[in-house]
1. Provide A:84, A:123 in ascending order of the number of other Cβ atoms located within 10 Å of each residue's Cβ, fewest first.
2. Can you say what percent of the DSSP beta bridges in region A:22-152, counting only those with both residues inside, are antiparallel? Round to 5.
3. Based on other C-beta atoms within 10 Å, arrange B:33, A:15 from fewest to most.
4. Using a 7 Å offset from Cα along the direction of the beta-carbon, what are the separations from residue B:54 to the same position in each other copy, nm, ascending?
5. What is the antiparallel percent of DSSP beta bridges lying wholly in region B:76-197, to the nearest 5?
6. Magnitude of the Cβ-charge dipole of the protein assembly as shown, K/R +1 and D/E -1, about the Cα centre, nearest 20 debye?
7. Beyond 19 Å, how much of the Cα-Cα pair distribution for region A:76-168 remains, as a whole percent?
8. Can you compute the helix-only [θ] at 222 nm over the protein assembly as shown? Use -39500 (n - 2.57) per DSSP H run of at least 4 residues, normalise by all residues, nearest 500 deg cm²/dmol.
Number of protein chains: 2
Amino acid sequence: MAGGELDRAMQYLAKLPGLGPRSARRAILHLMKRRESLMIPLAEALAEAARAVRPCSTCGNLDTVDPCGICTDPRRDPHTICVVEDVADVWALERAAAFGGRYHVIGGVLSALDGVGPDDLNVDTLVARASDPAVTEVILAMNATVDGQTTAHYIADRLAPTGVRVSRLAHGVPVGGELDYLDDGTLAQALRARQAV
Amino acid sequence: MAGGELDRAMQYLAKLPGLGPRSARRAILHLMKRRESLMIPLAEALAEAARAVRPCSTCGNLDTVDPCGICTDPRRDPHTICVVEDVADVWALERAAAFGGRYHVIGGVLSALDGVGPDDLNVDTLVARASDPAVTEVILAMNATVDGQTTAHYIADRLAPTGVRVSRLAHGVPVGGELDYLDDGTLAQALRARQAV
């Protein structure tokens with residue numbers, strides 16, 4: 001191989017999700033052929049992001065300022081908090097531009113298998129935020145997985161004493177989805193939650 | 001999104017082979033969660049490799065020294081040159097530990113479709129190296145693709161005036177390969193090139 005430098009970069013690249021040893025080798029050669037246009041800019045962007053980007057101490061979103069841009073944006077509704085598992089979910093909801101309130105990233109889901117308990121999640125700060133009388137609704141937007149729904153139940157229980165209204169995302173047929181391709185669970189849920197036309 | 005820093009790093013990550021916008025988002029969040037153990041080391045390793053690693057001016061292999069470690073290794077046979085398309089192929093042959101001579105990386109294959117002509121490949125330096133009387137054999141180890149084999153023919157023609165012995169890798173049934181799963185071309189070639197037991 002080509003000395004320790006390339007090997008080391010390759011070993012780190014191979015730890016990224018979606019890359020393994022073989023694709024890390026392809027990636028590093030791709031980078032070496034684009035030293036000025038991609039390799040050095042990528043190294044600098046990673047170092048700069050690692051230096052400047054921090055979790056928001058209020059909501060857990062990632063930003064260069066703390067509190068984050070969403071928490072301090074006066075145009076966003078301060079009465080509604082949308083609870084998500086991960087920062088990626090904040091990004092997904094922001095891309096959809098479907099939510100105008102604020103977020104709370106709990107940083108994972110309860111999972112006996114992975115040893116994630118309530119203390120590993122960012123729930124105490126959520127209860128504190130929801131106890132503010134200005135907050136009128138908390139929307140639980142966990143993934144529609146078993147762990148996600150377990151976590152949503154746990155959070156709803158924790159929020160009950162605050163008296164805040166707690167809701168969850170609707171489950172049903174995805175927009176553009178074809179019934180023939182949907183799993184039984186989704187179909188059953190869509191039937192149970194049918195709505196008057 | 002989370003400010004320009006993360007976006008920029010994500011856009012560069014999305015340009016790596018095997019990663020797209022979605023996996024780049026996953027990768028950057030994975031990195032942010034491992035800031036000290038992975039993100040900063042990766043940034044440093046990439047910057048260091050970009051700074052220190054250069055193509056060998058003799059053979060085209062990547063190394064921190066020029067000529068590269070393989071070209072200057074006195075234990076390697078100086079009489080045989082193995083010609084490969086890319087540095088990845090040098091690594092593959094070195095992993096197999098099946099070749100004790102030196103390499104020549106031509107840096108691609110002839111491809112009318114991609115606009116790669118003879119002048120884009122590192123062939124002149126190969127002809128110069130092969131003209132050294134100390135070199136007795138040149139092994140063409142291009143990929144067994146149409147472009148690879150076209151390129152091998154072109155190189156063999158260019159090497160003919162030097163009088164050096166030119167060989168190519170054997171084609172046939174891969175070790176561990178099952179006939180039922182092999183393509184017709186490989187089977188036909190394996191039959192044509194059958195060997196006495």
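1. Values: A:84 25, A:123 20.
Going from least to most buried by this count: A:123, A:84.
2. Values: 3 of 11 bridges.
Counting DSSP beta bridges with both partners in region A:22-152, the antiparallel share is about 25 percent.
3. On the way: B:33 14, A:15 17.
Fewest to most other Cβ atoms nearby, the residues stand as B:33, A:15.
4. The projected label point of residue B:54 is separated from its counterparts by 4.1 nm.
5. On the way: 1 of 13 bridges.
Around 10 percent of the beta bridges assigned by DSSP in region B:76-197 are antiparallel ones.
6. Details: 40 positive and 50 negative charges, 47 e Å.
Once rounded to the nearest 20, the dipole reads 220 debye.
7. 35
8. Working: 16 runs with 164 residues, N = 394.
Mean residue ellipticity, 222 nm, calculated: -12500 deg cm²/dmol.
Any read-out appearing in this document is the output of simple, stated calculations on the displayed coordinates, not a laboratory observation. Here the structure is a predicted model, which means the values were calculated and not measured. Every residue, glycine as well, gets a Cβ built from its backbone with ideal geometry; the counts of neighbours run over all protein chains shown.
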